[in-house]
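What follows is a set of notes on a single structure, which appears directly below.
The numbers here are math on the coordinates, done by the rules we state, and not lab data. Given the structure is predicted, the values throughout are model-derived calculations rather than measurements. Positions of Cβ are backbone-derived with ideal geometry, glycine not excepted, and every protein chain shown enters the neighbour counts.
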There are 2 protein chains.
Amino acid sequence: MTAEKINEIITPEELLKHWQGHRNLTRRVIEAFPEKELFTHRIGGMRSFADMLMELLGIAGPGIMEIVNGVPTQLNEHFEHGNQKSAILAKWDETTEVLDAYMPQIGRDRYHDKIKAFGQYEGTVLSTILYYIDNEIHHRAQGYVYLRSLGVEPPAFWDRP
Amino acid sequence: MTAEKINEIITPEELLKHWQGHRNLTRRVIEAFPEKELFTHRIGGMRSFADMLMELLGIAGPGIMEIVNGVPTQLNEHFEHGNQKSAILAKWDETTEVLDAYMPQIGRDRYHDKIKAFGQYEGTVLSTILYYIDNEIHHRAQGYVYLRSLGVEPPAFWDRP
């Protein structure tokens with residue numbers, strides 16, 4: 001164990017790994033959806049899981065690039081997917097690469113800096129990234145309920161390689 | 001900003017505050033449930049929200065006390081609530097005090113220690129605490145779907161004082 005690790009409870013590398021572990025699980029939740037219901041199934045007036053995923057995809061890559069580049073970015077929760085699960089998965093994998101490339105560019109000394117996410121949501125770099133992760137857990141869990149209501153067994157929550 | 005904060009991306013105090021912010025939101029989700037449906041409403045063969053809360057309450061206080069005391073603890077996801085929302089809320093508030101009292105006793109140098117949560121789940125102190133928080137976000141989000149399916153507007157996800 002390095003001295004650095006003893007002095008901090010989580011390193012930037014661990015935070016990225018933690019998020020990518022969650023993203024790997026979310027990817028498997030997407031895969032578990034029947035293709036049609038991914039875009040159409042809803043409960044209680046909520047959005048389809050595909051619509052929630054467009055929010056997550058609109059936030060993650062652009063949100064981290066915004067933190068790195070410091071250029072206020074417009075939140076865009078839509079992209080052309082043609083009701084194809086493969087299009088969502090391709091965008092998911094592209095975002096995985098964006099996070100791997102950009103997260104390491106955020107210096108340790110920046111995590112307590114005050115920022116405005118997407119040009120408007122006030123917080124620190126840390127609170128913003130935690131929000132992005134928590135928001136993914138939140139919507140993925142709603143996907144779990146959608147899957148259960150469709151009679152599909154979701155992947156185990158604790159299984160995050 | 002202290003030198004300490006510049007060298008670590010999140011402090012133990014911030015991690016506790018982050019969790020308590022989530023727990024405050026979960027408390028408001030509990031309050032939003034109609035009392036009967038808190039114990040009876042289910043979707044897709046899942047548990048009632050009260051049953052999920054018993055899991056969260058079985059984990060949080062005892063799990064953090066186990067980390068502090070180092071004494072393997074049996075996971076207990078049940079307590080007598082008599083189908084009363086007030087009993088769940090009282091246990092929730094009791095757990096808030098347990099976390100405030102015990103979390104600060106976990107030294108910075110312990111977060112990367114390997115432990116077995118509830119005597120069996122392998123991880124580090126950090127990964128275990130993150131799991132406890134993430135698991136709460138996960139089940140609370142399922143409570144959101146339950147509320148929506150009951151026609152009840154849940155509290156805003158981003159509102160975590």
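Inter-copy label distances at A:TRP158, shortest first and taken from points set 7 Å along Cα to Cβ: 3.4 nm. For the range B:122-137, backbone phi angles converted through the Karplus equation (6.51, -1.76, 1.60; θ = phi - 60°) give residue-by-residue couplings of 6, x, 9, 4, 4, 4, 5, 5, 4, 4, 4, 5, 4, 5, 5, 4 Hz, Gly and Pro being listed as x.
Relative to the compact-globule estimate of 2.2 N^0.38 Å, the Cα radius of gyration of chain A comes out at 1.09.
With neighbours defined as other Cβ atoms within 10 Å of a residue's Cβ, the residues A:TYR144, A:TYR132 order from fewest to most as A:TYR132, A:TYR144. Simple spin-label estimate for B:ALA101 and A:ASN7 gives 3.4 nm between the two label positions (7 Å along the Cα-to-Cβ direction from each Cα). At a temperature of 10 °C and a viscosity of 1.306 mPa s, determine how fast the range B:69-126 diffuses translationally according to Stokes-Einstein, using the Kirkwood radius over alpha-carbon pairs as Rh; express D in µm²/s, rounded to the nearest whole number. So the translational diffusion coefficient is about 117 µm²/s.
Scaled to the globular estimate 2.2 N^0.38 Å, the Cα spread of the protein assembly as shown, given as radius of gyration, is 0.99. Less than 5 angstrom separates the built amide H of B:GLY123 from those of B:ILE115, B:ALA117, all sequence-distant by 5 or more or on a different chain. Mean per-residue shielding of peptide B:141-148 is 6, counting Cβ atoms of other chains within 10 Å of each Cβ. Cα centroid separation, the range A:60-131 to the range B:23-62: 31 Å.
The alpha carbons of the range A:122-161 give a radius of gyration and a Dmax of 13.3, 41 Å, in that order. Peptide A:16-26 has a mean shielding of 1, counted as Cβ atoms of other protein chains within 10 Å of each residue's Cβ. Around B:MET65, what is the net charge, scoring Lys/Arg as +1 and Asp/Glu as -1 over all other residues with Cβ under 13 Å from its Cβ? Computed value for this residue: -4. Using a cut-off of 11 Å between beta-carbons, work out the net charge of the residues near A:PRO155 (Lys and Arg +1, Asp and Glu -1, A:PRO155 not included). Around A:PRO155, the charge tally is +1. Sequentially through the range B:108-115, phi angles give Karplus couplings (6.51, -1.76, 1.60; θ = phi - 60°) of 3, 6, 9, 5, 9, 5, 7, 9 Hz, Gly and Pro residues having no value and appearing as x.
Sum -39500 (n - 2.57) across every DSSP H segment of at least 4 residues in the protein assembly as shown, then divide by the residue count to get the 222 nm mean residue ellipticity, nearest 500.
-20000 deg cm²/dmol
Mean sequence separation of contacting Cα pairs (under 8 Å, at least six apart), scaled by the length of chain B, corresponds to a relative contact order of 31 percent. Shielding value for B:32-44 is 1, the average number of Cβ atoms from other chains within 10 Å of each residue's Cβ.
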